[in-house]
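Only the coordinates and a few stated rules stand behind these numbers; no lab work does. Only a predicted model underlies this, so the values are computations on that prediction, with no experimental measurement involved. Quick reminder, even Gly has a Cβ in these numbers, built from the backbone with ideal geometry, and neighbours come from all protein chains shown.
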There are 2 protein chains.
Amino acid sequence: MDEKIAVVGLGNAGLPLAAVIADSGIEVTGVDINSERCDLINRGINPLKEEPGLDELIGKYGGRSFKATADIKNASSCNTFIVIVPLFIDRDYNPDFMILESAIKGIGSVLKPGDLVVLETTVPPGTTDNLARAWLEETSGMEASQFSLAYSPERIMTGYSISRFREFPKIVGGTDEESGKKAFAVYSRFVKSLNMVSSARVAEFIKVVEGCYRDANIALANELFKISDNLGIDFYEAREYANHQYCHIHLPSTGVGGHCIPVYPWFLIKEMERREKFDDARLLRTSRELNDEMIEFCAEKIMLNCLKIDKPLKDIAICISGLSYRRGVKEIHHSRNLALARLLVEKGLKVYAWDELLGKTGVENLGLRYLEPEKADLAFDTSGLKFGSSSKFAGKEKMSKTSEGPVCRC
Amino acid sequence: MDEKIAVVGLGNAGLPLAAVIADSGIEVTGVDINSERCDLINRGINPLKEEPGLDELIGKYGGRSFKATADIKNASSCNTFIVIVPLFIDRDYNPDFMILESAIKGIGSVLKPGDLVVLETTVPPGTTDNLARAWLEETSGMEASQFSLAYSPERIMTGYSISRFREFPKIVGGTDEESGKKAFAVYSRFVKSLNMVSSARVAEFIKVVEGCYRDANIALANELFKISDNLGIDFYEAREYANHQYCHIHLPSTGVGGHCIPVYPWFLIKEMERREKFDDARLLRTSRELNDEMIEFCAEKIMLNCLKIDKPLKDIAICISGLSYRRGVKEIHHSRNLALARLLVEKGLKVYAWDELLGKTGVENLGLRYLEPEKADLAFDTSGLKFGSSSKFAGKEKMSKTSEGPVCRC
């Protein structure tokens, strides 16, 4: 089969996906509104430096079997269109479909009878079936029966995207049986471990649920951390021995940042609100609030640590060390350490920040003062919530042993 | 060392422990207020039939190296006293220490200088250090420095107790360093995988935290079940593919029953209340409430299923099938199915119940009418929350694949 695949969206998720598809011998047209990024790719230069393995793939296929373009028209000879653009939430935590709508309507404008469209973006359950279908029908002028439509969530993690696309179990679900089968056949060509579920809606729900699991379990860890702190118990010691085959307490943190986990629970919370089932998402909501409010707890702990310093509080230089939402990722979206720094500024404390990836300019561009942690009177290092007071184990470096997949900033 | 160990409390947890200790070649005196149970044990008869492997051990050691008695005085030649009696919560969810106090004070009355006391009962963190120590000092007339005191939580599950005591990792923590070392040395003689933690308090916290993890994750499963039901998604299909090495969604249920998981979170919730940190245990409280309120959701689902039956609602015979809090365990403590049956009676529906272990008399003794599920118009079988309406996968028996350790009634 002379399949040609278009990947719409060449960001942190879409670019590794396009490269993995190209690496399986399929011709790929990548579409992204950022034409500078497209130029780089076509010259074989990887614009996403922090993704191991990507340099090699872009160098090998960029501008050859993987061509990037800012104009969807250049993808009109493709038979499969994969949508992998960001979906944000607005100030009221409702999904903002603007980018997704624009991408899908663009695809509709070049769609031919018999083509396949697959969404990879994490979306509220029902989005593929309802919104995506309607947008495609509107701009293609076709009925849904004339094209195929399915959903297959990306399950990547920045820094591990290539291996995640290649090896992690992937699922696919169609808006009808034929669409599901068609998507399954196409994905089988570049995904090793592929499962079909009964519908696009189920596949959408699965991805959102994974985020809810992480958010709720990080919230549980944070709550247990606060309780253990209050009881004078070293949380990390307790966690080490509490965890076994039937128990998996996560790591506590200043909260959960990034584009994914703090966003997905809202898809369900807001949907249940719209259905006037306010009570049916209260654990998800409590978890979300608890994680976002952890910065208040941390701020108080930082202030209490000032008791140990023989200086007026106003003169104590406090440094928040690490601003990106996760170590090694140059991204501050919903960063809770950034929120913590701003909260301390608001309280009138003498606050500085430091970040290995952002540097002095990056920190100052965020409106914060820059200082190396070693030069501060008090440095808050979030490689572990350690406030050095609770029990005899405090201060020991225990965090290194506990890496566990998509660990959030903590 | 000619160690003699007393096990105080020969219930579901204490009896298997005593048998396992005897099996390691140590002389055991079991103490229990139930003298009939003691007589049976001394005649080599196992009073706890549902525990596999126990018949053989009691038959072999009962009345020989494992003697049972209702009088703590008969244990006065022992050097180690292990307390493993129940701890309930009262109507306000506060721990009711009556039984524990009586057991520990009894031990104090026969305690000799140099003896070791170890609590196994799951207790609020701090209980061993504060209450147990004070009770022992009071009745022994000794200072705490004259005896050793430690904590080592049982991690059993009814039906798996023997193997749990023998093989599951166990922890021990002393109220001081010497007590910890001493308890570690004694337990090493009959426990394979033993770890020492820094204090009794940490060991107490670890056990409570495991229960909180289960309760919160079952609550999350229940909330996601309600949401998926609302969205027309088969929860069990989604769960099957959502679960992987970084995600472990539990099974939904009518709630969480028994003496353990529904009780332990209250130890932390109530302690935080006492400290006026009302907000610091809100996830635990939300989880507890959500699990207990699942019977309301189930009751509504049962009534909606009556729409399919061509009979007046008042004439529809509804059978709740399975009343014990977990399948295979003849125990109705905090059973949510029993609570569900009573809720339906209260609503005025024509409700019956059936239970394989309780039988007709057992069901009627609970104030419910007995009926075999096959004879009912509508049977609620809690081997899975299946309401047969949501999606194309409903009705398939998927629960059998998903056994995962201490699964609660569901």
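Quick one: grab the alpha carbon gyration tensor of the stretch A:4-197, order the square roots of its eigenvalues as a ≥ b ≥ c, and give me rounded if a/c is under 1.5, else prolate or oblate depending on whether a/b is larger than b/c. It comes out rounded by the Cα gyration axes.
Think of the axis that spins chain B onto A; the B residue whose C-beta lies nearest it, and the distance in whole Å, is B:Thr286, 2. When A:Asp115, A:Asp39, A:Asp90 are sorted by how many other C-beta atoms sit within 10 angstrom of their C-beta, beginning with the fewest, the order is A:Asp90, A:Asp39, A:Asp115. Which pairs in the list A:Lys112/A:Lys170; A:Lys226/B:Lys270; A:Lys270/B:Lys226 are over 23 Å apart, alpha-carbon to alpha-carbon? Pairs exceeding 23 Å: A:Lys112/A:Lys170.
What fraction of the Cα pairs in chain A, stated in percent, has a spacing above 39 angstrom? Tail of P(r) above 39 Å: 26 percent of Cα pairs.
Across chain A, the relative contact order, built from alpha-carbon pairs under 8 Å that are at least six residues apart, equals 12 percent.
Could you line up A:Asp92, A:Asp55 from fewest to most neighbouring Cβ atoms inside 10 Å? Walk me through the intermediate numbers first.
On the way: A:Asp92 8, A:Asp55 15.
The order, fewest Cβ neighbours first, is A:Asp92, A:Asp55.
Any idea what angle helix B:14-23 forms with the longest principal axis of chain B, computed on alpha-carbon atoms, 0 to 90 degrees, nearest 10? Taking the Cα atoms of chain B, the angle to B:14-23 is about 50 degrees.
Between copies, the label points of A:Ala70, set 7 Å from Cα on the Cα→Cβ line, lie 9.1 nm apart, reported in increasing order to one decimal in nanometres.
Taking the fewest neighbouring Cβ atoms within 10 Å as the starting point, the ordered list for B:Lys350, B:Lys360 is B:Lys360, B:Lys350. Over chain B, DSSP H runs of length four or greater, each weighted -39,500 (n - 2.57), average out per residue to a 222 nm ellipticity of -12000 deg cm²/dmol. Taking every residue in A:278-285 and counting other chain Cβ atoms within 10 Å of its Cβ, the average works out to 5. Placing a label point 7 Å from Cα along the Cα-to-Cβ axis, B:Glu3 is separated from the same position in the other copies by 6.3 nm, shortest listed first. Comment: the Cα-to-Cβ extended label point of B:Arg327, at 7 Å, lies 4.4 nm from its counterparts in the other copies, nearest first.
Which of rounded, prolate, oblate describes the stretch A:327-375, given a ≥ b ≥ c as roots of the alpha-carbon gyration tensor eigenvalues and a/c under 1.5 marking rounded, otherwise prolate only if a/b is larger than b/c?
oblate
Only Cα pairs under 8 Å and 6+ residues apart enter the sum, and on that basis the relative contact order of the stretch A:4-197 stands at 20 percent. Simple point charges give the picture: +1 on the Cβ of Lys and Arg, -1 on the Cβ of Asp and Glu, and for chain B a dipole about the Cα centre of about 740 debye.
From the Kirkwood radius over Cα pairs of the protein assembly as shown, Stokes-Einstein at 37 °C and 0.692 mPa s returns a whole-number translational diffusion coefficient of 111 µm²/s. Placing +1 on the Cβ of every Lys and Arg and -1 on the Cβ of every Asp and Glu, with no other charges, gives the stretch A:207-402 a dipole of roughly 160 debye about its Cα centre. Rounding to the nearest 10 and keeping the result within 0 to 90°, find how far the Cα-based axis of helix A:282-292 lies from the longest principal axis of chain A. Computed tilt is about 60 degrees.
Taking the Cα centre of the protein assembly as shown as origin, work out the dipole magnitude from +1 charges on Lys and Arg Cβ and -1 charges on Asp and Glu Cβ, in debye rounded to 20. Please list the in-between numbers first.
Details: 104 positive and 116 negative charges, 148 e Å.
Approximately 700 debye in magnitude.
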